[in-house]
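Input: a single structure, listed below in structure tokens.
The values are calculated or read from the model by the stated rules, or taken from the named source; none is laboratory data. Since we're looking at a predicted model, the values are computed, not measured. FYI the Cβ positions are ideal-geometry reconstructions off the backbone, even for glycines, and counts take in every protein chain you see.
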Amino acid sequence: MVRWGYWEYYKPEKPKEVKNGIKAKSKRGEIGTTWWSKRWIAVLESFSMGTRLTRGRSYARKGQVISIDVREGTVKSKVQGSGSKPYSVTIRMDPISDADWEKVADVMASKAIFAAKLLTGEMPADIEDAFAEAGISLFPVKLNDLETDCSCPDWANPCKHIAAVYYLLAERFDEDPFLIFKLRGRTKEDIIDALRKRRVSDASAEEEEGKSVKPLDECMDSFWEAGDALDSFSVNPTRPEVEAAVLRRLGDAPFSISKDNIATLLSKAYTVAGIAALQRASGEVGGEEGV
């Protein structure tokens, strides 16, 4: 150890090797594959942490991180450095208030695509707009939004151990985008429950509006008449924004054909049928030959 001014500067030492550590899937280049994990990394890199992030990325790829536990507002981790015992890392981000979460849920429920994607485990590309509309941010805006601590002797914050956890969090976000919400104070169940309640409320309101429609037995004389409204009626089918949304929401079926789950086969069948339907609607030659 070398004394340097008021700080204690520790000469870098090779970290102790870890067996069965958590290694980043990415061996080189960027870490994170989805837009939301890349957004997380881009935000961190915008804070100008210099070589600390680079060294942390190296730790993440070597497998020096032993464990990561994402809780509401907090991440707890163990990282093996050059010391005899793993260091304890804590990352905190202030949870969003209940009132602000209600605002965000209202915005998300008002746009069908948000609910559709979130209910199938996807993060909508413009989800940040919902938070911005509520006057808050999903991701950290400045470095001080992240409160971090590591039991290592390095005075730098974040140190390479914290930075390693930052990078591996990105890959955890790839696997489960709801972990980002959990870090801000809401679990996957909380989000889905809030969206479902709002959808039920909207359906009830539509049902009340529908009570003003005449019963069928009072419309029999004119039931089969096309009416003037059909003169301006047009059909313009498009590809769904969420492919096989219902199948993805339901998950795997309880049986398979050979080694393929029936849900996987149905998803392929729906895709082929959908393409054929679009071709017919646009006047193109249909059938599998045109797929």
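Suppose we filter region 20-40 for residues that are β-branched (Val, Ile, Thr) and more than 10 Å from residue 171 (Cα to Cα); how many remain? Reasoning before the result, please.
From region 20-40, those β-branched (Val, Ile, Thr) are 22, 31, 33-34; that's our starting set.
Then drop every residue that is not more than 10 Å from residue 171 (Cα to Cα), which leaves 22.
Summing the residues that are β-branched (Val, Ile, Thr) and more than 10 Å from residue 171 (Cα to Cα) in region 20-40 gives 1.
Collect the residues in region 12-36 that are loosely packed, with under 10 Cβ neighbours inside 10 Å and either at pLDDT 80 or above or in contact with a strand residue (DSSP E or B) (Cβ under 7 Å, 6 or more places away or on another chain) (or both), keeping them in residue-number order.
Across region 12-36, the qualifying residues are 14, 19, 20, 27, 28, 29.
For region 238-260, name all the residues that are part of a loop (DSSP other than H, G, I, E, B) and either of a type in the set (Phe, Trp, Tyr) or under 27 Å from residue 279 (Cα atoms) (or both). Working first, answer last.
To start, the set of residues in region 238-260 that are part of a loop (DSSP other than H, G, I, E, B) comprises 238-244, 251-255, 258-259.
Matches in region 238-260: 238, 239, 240, 241, 242, 243, 244, 255.
Considering only residues that are more than 18 Å from residue 172 (Cβ to Cβ) and out of contact with any Lys or Arg (no Cβ under 9 Å at 6 or more places or on another chain), which ones fall in region 86-103?
Residues satisfying the conditions are 97, 98, 99, 100, 102, 103.
Among the residues that make up region 216-223, is at least one of them outside the structural domain of residue 105 (by TED's automatic domain parsing), at pLDDT below 80 and not in a helix (DSSP H, G or I)?
In the first step, residues of region 216-223 are kept if they are outside the structural domain of residue 105 (by TED's automatic domain parsing); the result is 216-223.
Still in the list and also at pLDDT below 80: 216-223.
After this cut, where a residue has to be not in a helix (DSSP H, G or I) as well, the list is 219, 223.
Yes, some residue in region 216-223 is outside the structural domain of residue 105 (by TED's automatic domain parsing), at pLDDT below 80 and not in a helix (DSSP H, G or I).
Between residues in region 13-30 that are among the basic types (Lys, Arg) and residues that are part of a loop (DSSP other than H, G, I, E, B) and surrounded by 13 or more Cβ atoms within 10 Å (Cβ to Cβ), which pairs lie under 6 Å by C-beta distance while being six or more apart or on different chains?
Taking only residues 6 or more apart or on different chains, the pairs are 16/80; 23/63.
Please state which one of 194, 205 is modelled with pLDDT of 75 or more, among the small types (Gly, Ala, Ser) and closer than 30 Å to residue 102 by Cβ.
194
Take the residues in region 232-247 that are surrounded by fewer than 10 Cβ atoms within 10 Å (Cβ to Cβ) and at pLDDT below 75; name whichever of them is nearest to the chain's Cα centre (by Cα).
The qualifying residue nearest to the chain's Cα centre (by Cα) is 236.
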